[in-house]
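Notes to accompany the following structure.
The values are calculated or read from the model by the stated rules, or taken from the named source; none is laboratory data. The structure presented is a predicted model; accordingly, all values stated were derived computationally and were not measured. Here the Cβ positions follow ideal geometry from the backbone for every residue, glycine too, while neighbour counts run over all protein chains shown. We work out accessible area using only protein heavy atoms, side chains counted, and drop any ligands, DNA or RNA first. Shrake-Rupley method; radii C 1.70, N 1.55, O 1.52, S 1.80 Å.
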Amino acid sequence: PVRSAAPPAGANQASAVGAGGAREKRRRRAAERATKIVFWLETKYDVLPDVCGGLENWKEAPSATYDFDLLWCDTAIPADRFMKLKLYQKMNHFVGMSSITRKNNLGRNLLRMRKQFPKEYKFFPDTWILPTDLSDFKLQFVGKSKTFIIKPDNGCQGKGIFLVRDVEKVPVDFSTTYVAQRYISKPFLLDGFKFDLRLYVLVTGCDPLRIFIHKRGLVRLASEQYVEPSGKNLQQAMVHLTNYAINKFNPNFEENTNPDDAQDGHKRSWEAVQEYLRQCGHNVDQLNADIEDLVIKTLIAVQPSLSHFYHSCQPDDVENSMCFEILGFDVMLDANLQPWLLEVNHAPSFATESDLDRIVKTEVLADTFTLLNLSPEARRQKKREVREKMEQRAMGQGKKTTSGERSAVEHQIAVERSAWEEAHLGGFKRLYPSESKEREYWDVHEAAIGIWEMLMGGTSRRTVRLTEKPEEEEKTDERKSDKHPRKDASKEPKAPKDPPSTAKRTPEQLRDVVDRLMNGCSARPRPGEAGRRRGASKGHTDAAGDGDDIPGIALAGGEEESSAHSKHHRPEVQVGDVIKVQTNLGWETVTVRAKRTNGKIDIQFRDGEYMRSVHPRIMRDSNGCAVPGIEPPGESPVIAAVPGPLSPSRSARGAISQVASPSRPPMLPPAMGASNDWIFADGAAAGGV
């Protein structure tokens, strides 16, 4: 047999020494890691590495896969990346913040809130989403000539923005979404120049909302003297637009050389301008209060959405601290010093092209990282808690936390965190939450939750608050509970539950299940479901809550409201009927386009929006019949005669709908099974063909 050569003397000893050296290096790296805050930056701005590198015990990660504490990205971060973060890691964006950072979403959400609170939400110009609101927008050009500003829904740096005064120049492009706003033709001027404010708002939590605004800000001036818009100067962007990215190319543009001078250059310090306004006799304190109010109301409008995304991606986090975001609020002042919200930027520029930029943005970033309260001790504690929970789960000793226990923990953490933040604000000012602010905006917040629940068709999780419900709300709830007392289930003996049946279904039962599923019903019958199948009206229980008491609208049969809503039947409608249904925009006139076999209907609004297979709330008269909608004079409903392509859009009514152009009517959706519903030009319908 062939024997291999023996290893040279000392080889085993050398390999052992090498392995020991590698272990020692790993131990040293782990010990160093335990005392450092590790950050990973995906940015093009030089100021971020400078600020992070200058903080004590902060170290940059060697790669994106390293175990970092802080992630910064200039662009939005997708939900799947957020879901992979550990509980001690933080990132600089919220999933779902596009609800206000995209111009069309901002307009829709604020318009919904304005419908509920017209006086509270008047801080943004009249807005139309094109092409969804194209017909209504064209009506604005009737009469006295007005000026409107058109913006792409997801543009930045002033790209694609233009002014119009002629209806013929309104873009009609169903593949692109634009936002049209009424132009503020009488702005407040500085030295004869139009300007806007770039304010830095920090959001460090979504449940509860944690909102801060920094004292530092920028005042961005147009580079040409302002003149009111007319047909001759609409193309002069450097007169009407204040974007720095546009005006810096003007030969007349002047950089700021003295950050403390309120009259130096075309970009100035917000602090210096505030002092200048005070010297001119203006009420700056009231101006700041109005600006803070619009910031809070804008974020409250999307709080339920942010909370839903956050808890869906990170259900185990109770500290509400894994995300933060620096938003750039662009605000313009009119001649009366009234602030108007123009847009919200999810990634404001941190370029430092002047001393003023470096001073403002460095301080904003440094104060932000301080408020995040990053520490190696907190990271080690969370790692230890996760490890202990995994060990308990592996041994079958894991304890499930109840919702009440979790709510108590979240409330306690929120109170302690607020107390810590008060001592580390730096240049920030807390806007929300506080006991006084929560009570002040209670009704607005509840309305936002109600709108979100209506749009999503679900129930929002209980919002974390620092304060209890206001006394007025409690008294209202008490009156409701007295009117409809609930039985105390704890005092009544509970009937034993029947054990689950293990018997197999017969062929007849299987055919019944298949038939139910084909008709859009559940596999098993539910209590009170009789009459819902195939659109039957007898014994029908109104799942949409048509029996609720609505001011000014009588209930079916003249009956009064009672706790048994099932007594009130759903009104019968036919294809072609013009009725009124309730949406988040109020009672609107629609035309019934098709009836489904499961009792749902297809409706089309006056503006052409088409909703398929819905179960809307229908306005009724005292006899329980549907109240006919009134067509405006000279206007006929849109008739879907032939199928054609559709352009899906997110409507202001909160649902994915089909918007039909005049030349391309909406295509009817397929019915249950393999058949279709047809509608002819004279309004006649043929179902299931």
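Being in a helix (DSSP H, G or I) and of a type in the set (Val, Ile, Thr) is the filter here, so list the residues in segment 290-306 that pass it. Once the filter is applied, which keeps residues that are in a helix (DSSP H, G or I) and of a type in the set (Val, Ile, Thr), segment 290-306 yields ILE291, VAL295, ILE296, THR298, ILE300. Among residues belonging to segment 243-254 that are closer than 11 Å to ALA222 by Cα and not aliphatic (A, V, I, L, M), point out the one that is surrounded by the most Cβ atoms within 10 Å (Cβ to Cβ). My answer is ASN247.
Can you tell me which residues in segment 372-403 are open to solvent by less than 50 Å² (accessible area, probe 1.4 Å) and either of a type in the set (Gly, Ala, Ser) or farther than 30 Å from CYS52 by Cβ (or both)? Scanning segment 372-403 gives SER375, ALA378. Considering segment 21-61, the residues that are at pLDDT below 90 and either in contact with a Phe, Trp or Tyr (Cβ under 8 Å, 6 or more places away or on another chain) or of a type in the set (Lys, Arg) (or both) include one that is nearest to TYR88 (Cα to Cα), namely ARG33. ARG27 meets the conditions (1) open to solvent by 60 Å² or more (accessible area, probe 1.4 Å); (2) within 22 Å of LEU365 (Cα to Cα); (3) of a type outside the set (A, V, I, L, M, F, W, C) in every case but one. The failed one is (2).
Each row is one residue, and each column tells you yes or no for (1) within 30 Å of ARG112 (Cα to Cα); (2) more than 19 Å from the chain's Cα centre (by Cα).
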| position | (1), (2) |
| --- | --- |
| GLU388 | no, yes |
| GLY396 | no, yes |
| THR401 | no, yes |
| ARG406 | no, yes |
| HIS424 | no, yes |
| VAL444 | yes, no |
| GLY450 | yes, no |
| GLY458 | yes, no |
| GLU468 | yes, yes |
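The residue pairs whose first member lies in segment 345-370 and is under 20 Å from PHE39 (Cβ atoms), whose second member is basic (Lys, Arg) and at pLDDT 95 or above, and whose beta carbons are closer than 7 Å, counting only pairs six or more residues apart or on different chains, are PRO348/ARG198; PHE350/LYS361; THR352/ARG358; THR352/LYS361; GLU363/ARG216; VAL364/ARG216.
Only one entry in LYS159, LYS144, LYS119 is at pLDDT 90 or above and not polar (S, T, N, Q), namely LYS119. Kindly check whether there is at least one residue in segment 275-292 that is over 14 Å from ASP357 (Cα atoms), touching a Lys or Arg at 6+ places or on another chain (Cβ under 6 Å) and of a type in the set (Phe, Trp, Tyr). Looking through segment 275-292, none of the residues is over 14 Å from ASP357 (Cα atoms), touching a Lys or Arg at 6+ places or on another chain (Cβ under 6 Å) and of a type in the set (Phe, Trp, Tyr). The one condition from (1) closer than 27 Å to THR370 by Cβ; (2) open to solvent by less than 40 Å² (accessible area, probe 1.4 Å) that ALA79 does not meet is (1). For segment 50-60, the criterion of being in a strand (DSSP E or B), in contact (Cβ under 8 Å) with a residue 24 or more places away in the chain and not basic (Lys, Arg) is satisfied by no residue at all. Would you confirm, using the coordinates I've provided, whether THR298 is more than 27 Å from CYS73 (Cα to Cα) and of a type in the set (Ser, Thr, Tyr)? The answer is no for THR298. Look at segment 601-617: where a residue is assigned to a strand (DSSP E or B) and surrounded by 18 or more Cβ atoms within 10 Å (Cβ to Cβ) and a partner is among the basic types (Lys, Arg) and at pLDDT 85 or above, sitting 6+ places away or on another chain with Cβ atoms under 6 Å, you get ILE601/LYS595; ASP602/ARG593; ASP602/ARG612; GLN604/ARG593. Just one of the listed residues (ARG439, ARG417, ARG465, ARG461) is open to solvent by 30 Å² or more (accessible area, probe 1.4 Å), assigned to a loop (DSSP other than H, G, I, E, B) and touching a Ser or Thr at 6+ places or on another chain (Cβ under 8 Å), namely ARG461.
Is there a residue being assigned to a helix (DSSP H, G or I) and farther than 27 Å from PRO304 by Cβ anywhere in segment 125-135? Looking for residues that are assigned to a helix (DSSP H, G or I) and farther than 27 Å from PRO304 by Cβ, one finds at least one in segment 125-135, hence yes.
Please count how many residues of segment 549-595 are farther than 28 Å from GLN116 by Cα, at pLDDT below 60, open to solvent by 40 Å² or more (accessible area, probe 1.4 Å) and of a type outside the set (S, T, N, Q).
Step one: filter segment 549-595 for residues farther than 28 Å from GLN116 by Cα, giving 557-559, 564, 566-567, 569, 572-577, 593-595.
Checking the rest, the ones that are also at pLDDT below 60 come to 557-559, 564, 566-567.
When the remaining residues are screened for being open to solvent by 40 Å² or more (accessible area, probe 1.4 Å), the result is 557-559, 566-567.
Then drop every residue that is not of a type outside the set (S, T, N, Q), which leaves 557-559, 567.
Residues meeting the conditions: 4.
Exactly one residue among LEU106, LEU111, LEU139 is open to solvent by 50 Å² or more (accessible area, probe 1.4 Å) and under 27 Å from ARG606 (Cβ atoms), and that residue is LEU139.
Go over the candidates SER175, SER98 one by one and state the one that is touching a Ser or Thr at 6+ places or on another chain (Cβ under 9 Å) and small (Gly, Ala, Ser).
Criteria check complete, one pass: SER175.
Considering segment 64-88 alone, what residues qualify as being within 24 Å of VAL386 (Cα to Cα) and in a loop (DSSP other than H, G, I, E, B)? Of everything in segment 64-88, those that are within 24 Å of VAL386 (Cα to Cα) and in a loop (DSSP other than H, G, I, E, B) turn out to be ALA64, THR65, TYR66, ASP67, PHE68, ASP69, LYS84, LEU85, LYS86, LEU87, TYR88.
Residues that are more than 21 Å from VAL179 (Cβ to Cβ), at pLDDT 95 or above and in contact with a Phe, Trp or Tyr (Cβ under 6 Å, 6 or more places away or on another chain) are absent from segment 78-88. In the set ILE161, ILE129, only one residue is within 18 Å of MET238 (Cα to Cα), of a type in the set (A, V, I, L, M) and in contact (Cβ under 8 Å) with a residue 60 or more places away in the chain; that residue is ILE161.
LEU287 passes every criterion in (1) assigned to a helix (DSSP H, G or I); (2) at pLDDT 95 or above; (3) more than 30 Å from ARG112 (Cβ to Cβ); (4) of a type outside the set (Lys, Arg) apart from (3).
Residues in segment 231-242 that are open to solvent by less than 60 Å² (accessible area, probe 1.4 Å) and either in contact with a Lys or Arg (Cβ under 8 Å, 6 or more places away or on another chain) or not in a loop (DSSP other than H, G, I, E, B) (or both): LEU234, ALA237, MET238, VAL239, HIS240, THR242. Would a scan of segment 159-166 turn up a residue that is in contact with an Asp or Glu (Cβ under 8 Å, 6 or more places away or on another chain) and open to solvent by 50 Å² or more (accessible area, probe 1.4 Å)? No, segment 159-166 has no match at all. HIS282 meets the conditions (1) over 16 Å from GLN338 (Cα atoms); (2) out of contact with any helix residue (DSSP H, G or I) (no Cβ under 8 Å at 6 or more places or on another chain); (3) of a type outside the set (Val, Ile, Thr); (4) at pLDDT 90 or above in every case but one. The failed one is (1). Within segment 255-300, being of a type in the set (Asp, Glu), without any contact (Cβ under 8 Å) to a residue 24 or more places away in the chain and open to solvent by 70 Å² or more (accessible area, probe 1.4 Å) holds for ASP260, GLU275, ASP285.
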